[in-house]
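The values are calculated or read from the model by the stated rules, or taken from the named source; none is laboratory data. Quick caveat: nothing in here was measured; it's all calculated off a predicted structure. Positions of Cβ are backbone-derived with ideal geometry, glycine not excepted, and every protein chain shown enters the neighbour counts. Ligands, DNA and RNA are excluded from the accessible area calculation, which covers all protein heavy atoms including side chains. Shrake-Rupley method; radii C 1.70, N 1.55, O 1.52, S 1.80 Å.
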Amino acid sequence: MTLLPARSLPAAPRVGIFYSAACKGTGAAAHDLADALFSLTGLSLTLAELTCTAPADLAHYDALLLGCPTCGGELPPDWAAAFPAFQELDLAGRAVGLFGCDDQRASPRTFQDALGILAEAAQVSGARLVGSTAVAGYDFSDSRAVFRGRFIGLALDPATQPDLSGDRVRRWVAGLAHELGWPIRLGA
Ligand SMILES: Cc1cc2nc3c(=O)[nH]c(=O)nc-3n(C[C@H](O)[C@H](O)[C@H](O)COP(=O)(O)O)c2cc1C
């Protein structure tokens, strides 16, 4: 084993999880994500509602995990209010992972549309989008969140598939850790 002098160790990534409080499912998912990510990696995390955060502060994180439900095919009010400032951020070199809690049965034509809206803005701001997931296992007809046959982030549906959320969250977190090269705790 090679021991590196302390100053050569890579700094721990700053990870921020910010979520819309427009539906309670997204907040619950954000907390589950934070628990799973901390258990797996031991990284210290910031977890906050979007409305408690100045949008400009989002640019201070190496990785952003952003939670947003869809509201009539659009962003919910809190994300809509922050969106102009979000679009102005310089996210070059930042990783952005998106997660949403929607209802594919009630809204099959706009399922997870909010993730697609945020993804387009994040990409224009220079972010690297991470954490795409397979569309298999869902039943919807259209979504702005599907790019090249995959969801751009994590699609949760606590309304019609509540039993699948825990496993989806754990697998997403493990995939992010792998994709971003985050440390894995021994025994996790
Ligand atoms: C007014 C309203 C509009 C919604 N629009 C959509 C939509 O366009 N697409 C979608 O998949 N789900 C939509 N949903 C479902 C929500 O995203 C969310 O899954 C649901 O409200 C669960 O909220 P809860 O976690 O507070 O129970 C909508 C819900 C409401 C109340």
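Rounded to the nearest 20, the Cβ-based charge dipole of the chain about its Cα centre (Lys and Arg +1, Asp and Glu -1) stands at 600 debye. Over every Cα atom in region 87-188, the radius of gyration and the widest Cα-Cα span, Dmax, amount to 14.2, 43 Å.
When DSSP beta bridges are restricted to pairs lying wholly in the chain, around 20% turn out antiparallel.
Going by a ≥ b ≥ c, the root eigenvalues of the Cα gyration tensor, does region 119-177 fall in the rounded group (a/c under 1.5), the prolate group (a/b larger than b/c) or the oblate group? Oblate, because a/c is 1.5 or more while a/b does not exceed b/c. For the chain, the longest principal axis of the C-alpha atoms and the axis of helix 24-41 are separated by about 20°. Split the accessible area of the chain by element, probe 1.4 Å, and carbon with sulfur accounts for 54%.
Over the Cα atoms of region 13-180, each weighted equally, I'd like the Debye log10 I(q)/I(0) at q = 0.21 Å⁻¹, rounded to two decimals. For region 13-180, the Cα-only Debye profile gives -1.59.
Take every pair of alpha-carbon atoms less than 8 Å apart whose residues are at least six positions apart; their mean separation over the length of the chain yields a relative contact order of 22 percent. Whole-Hz Karplus values for region 71-84 come out as 10, x, x, 10, 6, x, x, 5, 6, 4, 5, 7, 4, x Hz, taken residue by residue from phi with 6.51 cos²θ - 1.76 cosθ + 1.60 and θ = phi - 60°; glycine and proline positions read x.
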